[in-house]
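To start, the structure under review is shown below, and the notes come after it.
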Amino acid sequence: MTNTEIYDKLKGAFGEKIGEWHEQTGSEYMKRMSSYADVTDAGYIRDVCLYLRDEPTLGFDSLLLLSSVDNGDNTLSVVYHLEAREKKQYFALKVTVPADHAVVGSVTDVWSHANWQEREAWDMMGISFQGHPDLRRILLDEDWVGHPLRKDYKYPEFYRGMKVPY
Amino acid sequence: MGLLDKHDNPFDSSNIVITGTDTLINWARLSSLWMMSFGLACCAIEMMAASASHYDIGRFGVIPRPSPRQSDIMLISGTVTLKMASRTKLLYEQMPDPKYIISMGSCSNCGGPYWEHGYHVLKGVDRVIPVDVYVPGCPPRPEALLEGLMKVQEKVRKQSLARTAV
């Protein structure tokens, strides 16, 4: 099954919840790994992922990578790279949310290895995952202020009495 | 140090060496600088190379110890993140006096490549603990580390316990 066929199948199942298909140019690898489908409703991502996992013709049993992007226009995106290990298929989804209300549905109960990746996205980018069982910072200390990979992040002058700038 | 002339001394057959207390104690101390087994980043790989058979830091009497309570020197081998800085300071405070610190590599000397955009990096470990010897390099080769170690030995050799104890 090609990626566009998977997209059409998704579109048939979810209709308006699935946005445009973004076909990447370049090598076969780039096309396969970097083309993605928009998911317009951030609260719906779990249902879309559950469908991709459980539909027998798809069988996306692995979340390769969950990454987050600051688009620079007050929106944040979460990108899901999926792999169907048996069928050797790849698919990507992208959810875009406003930066001042960055809430996305959690997929930890679809793929349990999303747990730490969502914690990292929360830590670095401040995206809140609704339904995550343990949404704490994963890399920085608990008392850190702000989310450092956001483009509007201001570097702290001091942290626990230690001067931060050079 | 000087050997007694065998003809004039009453302890004819025994080997007697006369030396100053400082010299003797310092000689013992600098020949058994136990190192805290502690690595932070890629410099730790060079530290391990220096500890392995090819460079054999053991010939200077440096033995890696698993506890700060048994250590004389601490090698800050790598990037000191702000999260690690308070832990590093705690480990330093747990070491018994006299203690020596070698700051190894650009990161722990001054922040290294993270000097501008490293929101999470302490720009020099000397902001939290006193450093005796700085070893430049990114990472320094084992020879450079050994040179740094010999600088510490030089420092130990010149110290006087008797005079500072008054």
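Odds and ends about this structure:
- The range A:1-74 and the range B:103-166 have Cα centres separated by 50 Å.
- Theoretical FRET efficiency, 1/(1+(r/R0)^6), r = Cβ-Cβ of A:Glu16 and A:Asp54, R0 22 Å, to 0.05: 0.55
- For the range B:18-112, the dipole from Cβ point charges (+1 on Lys and Arg, -1 on Asp and Glu) about the Cα centre works out to 260 debye, to the nearest 20.
- A 1.4 Å probe, protein heavy atoms only, puts the accessible area of B:Arg65 near 60 Å².
- Between A:Asp143 and A:Ser112, the contour length at 0.36 nm per residue exceeds the alpha carbon distance by 8.5 nm.
- Values of log10 I(q)/I(0), in the order q = 0.08, 0.14, 0.15, 0.20 Å⁻¹, for chain A under a Debye, Cα-only, solvent-free model: -0.26, -0.73, -0.83, -1.32
- Note on the range B:47-91: the alpha carbon radius of gyration divided by the globular reference 2.2 N^0.38 Å gives 1.33.
- Lysines whose Cα lies under 30 Å from that of A:Lys17, excluding same-chain neighbours fewer than 8 positions away: A:Lys9, A:Lys31, A:Lys87, A:Lys88, A:Lys94, A:Lys151
- B:Met36 accessible area, 1.4 Å probe, all protein chains in place, Å² to nearest 10: 10
- Test item: A:156-166 mean partner chain Cβ contacts at 10 Å: 5
- Against the criterion of solvent-accessible heavy-atom surface with a 1.4 angstrom probe, A:Trp111, A:Trp116 sort, most first, into A:Trp116, A:Trp111.
- Per the Kirkwood formula applied to alpha carbons, chain B shows a radius of gyration over Rh ratio, Rg over Rh, of 1.10.
- Once the Cβ-Cβ distance of B:His117 and A:Tyr29 is raised to the sixth power relative to R0 = 35 Å, the FRET efficiency obtained is 0.70.
- Each residue of the range B:124-136 was assigned a 3J(HN,Hα) from its phi angle through the Karplus expression (A = 6.51, B = -1.76, C = 1.60, θ = phi - 60°), giving x, 5, 5, 7, 10, 9, x, 10, 8, 10, 9, 10, x Hz with x at Gly and Pro.
- Nearest-20 debye value, the range B:55-166 charge dipole, Cβ charges on Lys, Arg, Asp, Glu: 240
- For the range A:1-75, the set of GluC sites (Glu not before Pro) satisfying both a DSSP loop assignment and a count of at most 13 other C-beta atoms within 10 Å is given as A:Glu23.
- Modelled label positions at B:Trp34 and B:Glu147, each set 7 Å beyond Cα in the direction of Cβ, lie 3.0 nm from each other.
- Fraction of beta bridges assigned by DSSP in the range A:9-135 that are antiparallel (%, nearest 5): 80
- Amide H within-cut-off set for A:Leu65, under 5 Å, with H built and near neighbours excluded: A:His81
- Of every Cα-Cα pair in the protein assembly as shown, the percent that sits beyond 32 Å: 53
- Among B:Arg87, B:Arg69, A:Arg137, the order of accessible area from largest down is B:Arg69, B:Arg87, A:Arg137, computed with a 1.4 Å probe on protein heavy atoms.
- Of all accessible heavy-atom area on the range B:27-82, the percent that carbon and sulfur account for (1.4 Å): 60
- Distance-filtered residues of the range B:105-119 - backbone nitrogen under 17 Å, label point 7 angstrom along A:Asp152 Cα→Cβ: none
- Chains B and A together bury roughly 1300 Å² of accessible area, counting both sides, with a 1.4 Å probe on protein heavy atoms only.
- Rounded FRET efficiency, nearest 0.05, which uses the C-beta distance separating A:Asp61 from B:Ala49 and R0 of 35 Å: 0.25
- Simple point charges give the picture: +1 on the Cβ of Lys and Arg, -1 on the Cβ of Asp and Glu, and for the range A:22-166 a dipole about the Cα centre of about 360 debye.
- Area of A:Glu142 that stays accessible when all protein chains are in place (1.4 Å probe, Å², to 10): 120
- Placing unit charges on the Cβ atoms of the charged side chains and taking the dipole of the range A:87-166 about its Cα centre, the candidate lying farthest along the positive direction among A:His101, A:Ser128, A:Gln89 is A:Gln89.
- Largest GNM mean-square fluctuation among A:Gly131, A:Gly72, A:Gly43, using chain A with Cα springs under 10 Å: A:Gly72.
The values are calculated or read from the model by the stated rules, or taken from the named source; none is laboratory data. Everything numeric here is computed off the predicted structure, so don't read it as measured data. As a convention, Cβ positions derive from the backbone with ideal geometry for all residues, glycine included, and neighbour counts pool all protein chains shown. Accessible surface areas use protein heavy atoms only, side chains included; no ligands, DNA or RNA. Shrake-Rupley method; radii C 1.70, N 1.55, O 1.52, S 1.80 Å.
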